[in-house]
Every structure is written in C-alpha cells, then in structure tokens.
Amino acid sequence: MASAYDTTDVPAPRPVSGEVVIRMAGVQKWYDSFHVLKDIELEVHKGERIVICGPSGSGKSTLIRCINQLEKHQKGTITVNGVTIDAHHRHLDQVRRDVGMVFQQFNLFPHLTVVENCMLAPMRVRGTSKQEARDIAMKYLARVRIPEQADKYPGQLSGGQQQRVAIARSLCMNPKVMLFDEPTSALDPEMVKEVLDTMIGLAEDGMTMLCVTHEMGFAKSVADRVIFMDRGEIVEQATPAEFFTNPRSERTRNFLGQILTH
Amino acid sequence: MIRAFSYNEFLFLLSAVQWTLALSAIAFIGGATVGLVIALARTSDIKAVRLAATGYIQLFQGTPLLMQLFLVFFGATVMGLDLNPWAAAALGLTLNASAFLGEIWRGCIQAVPRGQWEAASALGLRYPGLMRYVILPQAVKVAVPPTVGFLVQLIKSTSLAAIIGFTELTRAGQIVNNATFQPFLVFGIVAVLYFLMCWPLSLLSARLERRYALATR
C-alpha cells in the first residue's frame, strides 16, 4: 500500500510546551534473565501525543506499564509530574492518580454498572461524594457519547462501547496523562473507528497521551512523535512525517515494510 | 432396663438438632472470619505471609478432624485450661473450617482475572479498596456454591463432637440407642434429621448460583 508512505496527510509538527510530564532515565527491566527494557531514556512533554510501535515482544507495553508501576523496573528512575517513583507508597499513589490507563481487554468491572465503573475511583480514591461522582461520570460518558448506557452492565455493551466506557472511567480521575495499551487490538474492525475517534477527540483537547498501537493511520494524523521499539530498546523516534518517509534504522524499515505492505 | 422408642425419645433427638445447628453456626462464622484472613494471606504479595498461611492450611487439611478435636480438648487440659466440650468443639471446628474455607476462597480470589487487579490499581485503588470493591465482590460470586457445599460438610462434621462428650444430634442418638437398643430405627431417624438440615442448603446453593449468573450476564 504505497499511500502509507504518502506524506500529504501528515500535519506539520505542532509546537509543544517545554514542561516535562514524564521522564524515564536509564530504565532497565528483566524478566528473570530476559532483558525486556534496555536503558530507556524518554521525556514526554505536556500536551504531547506519542505513539509507540514495534514488533510483539519488543517491550512497548512493558514500557508504558512501568510508568504507573503495573510492572516494576529494576534500574533507573521514572518521574511523573515531578514525583519520582520509589518505595514510598504515597508517591506511587500520587503517580497513579495522575496517570490514566486504557487496556487492550477493557478490564471494566463486570459486577458494576457503567456509571458505577466510572464513579468507583473518584469516590474511593479521591473521596468525592456520590452525587458529585455521578455528575462527573455522566459528564465523561456524554463525552465518549454513550450516556444512555449508564445503567447497563459492561457485558451488555459492544466491545467498542466498553472501550469508550474504559476511557471515560479513566477520565473521571482527571488524569494529567493517558496511557493506551493497544486499545483497539481486541476490537472487531467495525468498532475500531469509534474508539480512535474518541482518542482523537481527547488529543484535540490537549491531553498528554502515550499510545501503544498498530494503527498507523492514527499515528500519522495524531502523533507528535512516533517511537519505534525493538528488543527492549528505543530504536528510533521521529515526527510521523520523518518516521514514515525517511526511517533511519534498518530495523524500522523492515518493520514498516511488514506492517504497511500487507 | 430397655425402654421402648416413644414420642419422648423422638422429641429428645429433635431437640438435639438445635445443638448441632448452634455448633455448625459458630464453627461457620468463626471459620469464615479466620478463613477470610487465611485466604487473603494466601494471595498476599509478601512471601512470609503466604508461606505461613500455606502451613496453616496444610496442617489442618493433613490431619483428621477427630485428632484436632482431641488435641484441642485434651491439650487445653494439659495446658491447665478448663475447656468444656462445647468450647473445645467450637474451637476445633473453627480452626478446621477456616483452613478449608481459606483454601476454597483463595481459589475464588485467584479466579478473578489479573486485568481487574490492574485496572483497579491503575485507577489508584489501594489494596483494601481494591479487595473490597473490585476483587471480593467478584470472588463471592464464584465462592457461593463451594462455600454452601462446605457448610453441608461442616454440619455433618459436627457429629464428631459427640466423641468428646458434646451432646449434639449424634450423641443424642447414642444415648437413646443405649436405652432403647433399636439402632436401625434410632440412627435412621438421626440420618433423616441430618438430611433435612443439609438438603435445603444444597437447594439454596443452586438457587444462588443461578441468581448470580443472571445478575452478571
């Protein structure tokens, strides 16, 4: 598909503020003897939209899961919004309040209704009153355009609707950064667009986003920066225009060749 | 002197049912309370806590309940405590039930998908809130049928308390049989009374299972 290399639809680079929201310095991680993250250096600025891509097993999911410590790294430092993750539980709590996450498998709570899914964390983590939590939940359910599903259970919704609820659930905590871990990979093809549209809407509102995704169209039209990972390393990072037209590394070229020519 | 089995003997057996039920209830409540702690310890992130809980479970699952009752009853006397059969039976059955319930519920907690823990953690919920609002409500659904099944087991296990001299249904049966010498009739009635206690629980279990299945569909 030659049009994938067509640059006419790639927007010019946006100016991004200098404020650093996430800083990863010298981050290393092993699963036993398998070196899954090798000396990761990454700075994410406020309002920046980053897409991380790479072959499976390259460490891209592990990288974003280290940011909110669903996975523990063994070396290096991770700082989110000025808070460095360490052994103090208080610091981890602070980071998790500031970082929202959307999973490939949605991970909605099946025993709670849609609106209760959205109300749980504001009430139990922030101590928001029930009425206020409901108002917040309804606001974000309206934003992902499914307020009418509020009283249904997740199991009654389609995959695309569930993923939009998961996005709303994260937004209810008013995060400073959103992490997306292959948010469309578990969806039927006809539902991918509604989720991507929701993400594009978030990006337009200025949300800082890190997305692990194979949606190269999304990368081209939304990302400020595309990061390519392979075997636990950041091999290359560039603006989408550069990344798709003039990849510097051989490994990047091979990867793009594989995903864009099928 | 051998007495005939009369209405009075039947009433005596029937009134012993209350002691079987009382002992079962105490052992279940005590066992559930301690069992929840054991289940949480078995699924803990801290290795020492996990190992301690595993040891506790293996100790009580690997020895006969009758020996546990003997050890509690006679052990208390050795240590200078005057434990009556009531207290000894209640304590022994509580310890035993907590080990079994702890192991049943560990499985139910671990049956909740990993993604649920991750989503709750990512939202900032700490362990107590995560357990209370996300994991345990889902684990309960899985836990109801095996728990009620175990309760049936527990009611039948209380019959062993007869041996340390606690007068519940089985002991009452022995007493009546010693007086009337009609073992088939007496123990037949005892068995029917046990069945009448356990059968409704099995029905309840099946009904709860259906209701929970509907609620989460």
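Checked against a 29 Å cut-off, the cross-linked pairs A:K152/B:K141; A:K130/A:K193; A:K38/A:K193; A:K130/A:K176 give Cα-Cα distances beyond that limit for A:K130/A:K193; A:K38/A:K193. Size of region A:35-86: Rg and Dmax of its alpha carbons, in Å, are 11.4, 31. Between B:F12, A:T62, A:A87, the Cα set farthest toward the positive side of the dipole of the protein assembly as shown (charges on each charged residue's Cβ, about the Cα centre) is that of B:F12. Descending by average beta-carbon neighbour count within 10 Å, the peptides B:58-71, B:167-180, A:110-123 line up as A:110-123, B:167-180, B:58-71, the highest first. Between A:R169, A:R143, A:R126, the residue with the greatest mean-square fluctuation in the GNM of chain A (Cα pairs under 10 Å linked by springs) is A:R126. 3J(HN,Hα) along region A:143-160, derived from phi through the Karplus expression 6.51 cos²θ - 1.76 cosθ + 1.60 where θ = phi - 60°, amounts to 5, 8, 6, 9, x, 6, 9, 3, 9, 8, 8, x, x, 8, 9, 6, x, x Hz, with x in place of Gly and Pro. Here region A:20-260 is treated with +1 on each Lys and Arg Cβ and -1 on each Asp and Glu Cβ, and its dipole about the Cα centre works out to around 500 debye. Label positions at A:D86 and B:F187, each projected 7 Å from the Cα along the C-beta direction, are separated by 7.0 nm. Exposure proxy for A:M229, A:M138: other Cβ atoms within 10 Å of each Cβ, ordered fewest to most, give A:M138, A:M229. The convex hull built on the alpha-carbon positions of region B:7-215 has an orientation-averaged projected area of 14.2 nm².
Summarised in one figure, the compactness ratio Rg/Rh of region A:20-260, Cα atoms and Kirkwood Rh, is 0.97. Rounded, prolate or oblate: which one fits region B:66-147, using the alpha carbon gyration tensor with axes a ≥ b ≥ c (rounded when a/c is under 1.5, else prolate when a/b beats b/c, else oblate)? It comes out prolate by the Cα gyration axes.
If R0 equals 51 Å, the separation of the Cβ atoms of A:R14 and B:D45 corresponds to a calculated FRET efficiency of about 0.75. Simple rule: put +1 on each Lys or Arg Cβ and -1 on each Asp or Glu Cβ in the protein assembly as shown, find the dipole, and look at A:I22, B:A39, B:P183; the Cα lying farthest toward the positive end is B:P183. Footprinting exposure proxy ranking of A:K75, A:K60, A:K176, A:K130, fewest other C-beta atoms within 10 angstrom first, gives A:K130, A:K75, A:K176, A:K60.
Can you grab the distance from the C-alpha centre of region A:55-108 to the C-alpha centre of region A:218-257, Å, no decimals? Measuring centre to centre over Cα atoms gives 23 Å. Dipole check for the protein assembly as shown: with +1 at the C-beta of Lys and Arg, -1 at the C-beta of Asp and Glu, and the Cα centre as origin, the magnitude is about 920 Debye.
Structure remark: mean-square fluctuation, Gaussian network model of chain B, C-alpha springs under 10 Å; the largest value among B:L123, B:L95, B:L23 belongs to B:L123. For region B:61-178, the relative contact order comes to 29 percent (Cα pairs under 8 Å, sequence separation of at least 6).
Computed about its Cα centre, the charge dipole of chain B is approximately 700 debye, with only Lys, Arg, Asp and Glu carrying charge at their Cβ. Estimated at 0.36 nm per residue, the fully extended path between A:H35 and A:D151 surpasses their Cα-Cα distance by 37.3 nm.
Given a 10 angstrom Cα cut-off, can you work out which residue in A:D224, A:D197, A:D32 is the most mobile in a GNM of chain A? Maximum among the listed residues: A:D32.
By the count of other C-beta atoms within 10 Å, a proxy for reagent exposure, A:W30, B:W105, B:W19, B:W199 are ordered fewest to most as B:W199, A:W30, B:W19, B:W105.
Entry note, region A:20-260: relative contact order of 26 percent, from Cα contacts under 8 Å with a spacing of 6+ residues. Modelled this way, with points 7 Å down the Cα-to-C-beta line, the labels at A:Q28 and B:Y7 are 8.8 nm from one another. How large is the convex hull of the C-alpha atoms of region A:159-213 per residue, in Å³? Hull volume over Cα atoms, normalised by residue count, gives 67 Å³. Dividing the radius of gyration of the alpha carbons in the protein assembly as shown by their Kirkwood radius gives 1.15 for Rg/Rh. Centroid-to-centroid, using Cα positions, region B:111-160 and region A:152-199 are 27 Å apart.
Any read-out appearing in this document is the output of simple, stated calculations on the displayed coordinates, not a laboratory observation. Computed from a predicted model, the values in this text were never measured in an experiment. Here the Cβ is made from the backbone with ideal geometry for all residues, glycine too, and neighbour counts use every protein chain on show.
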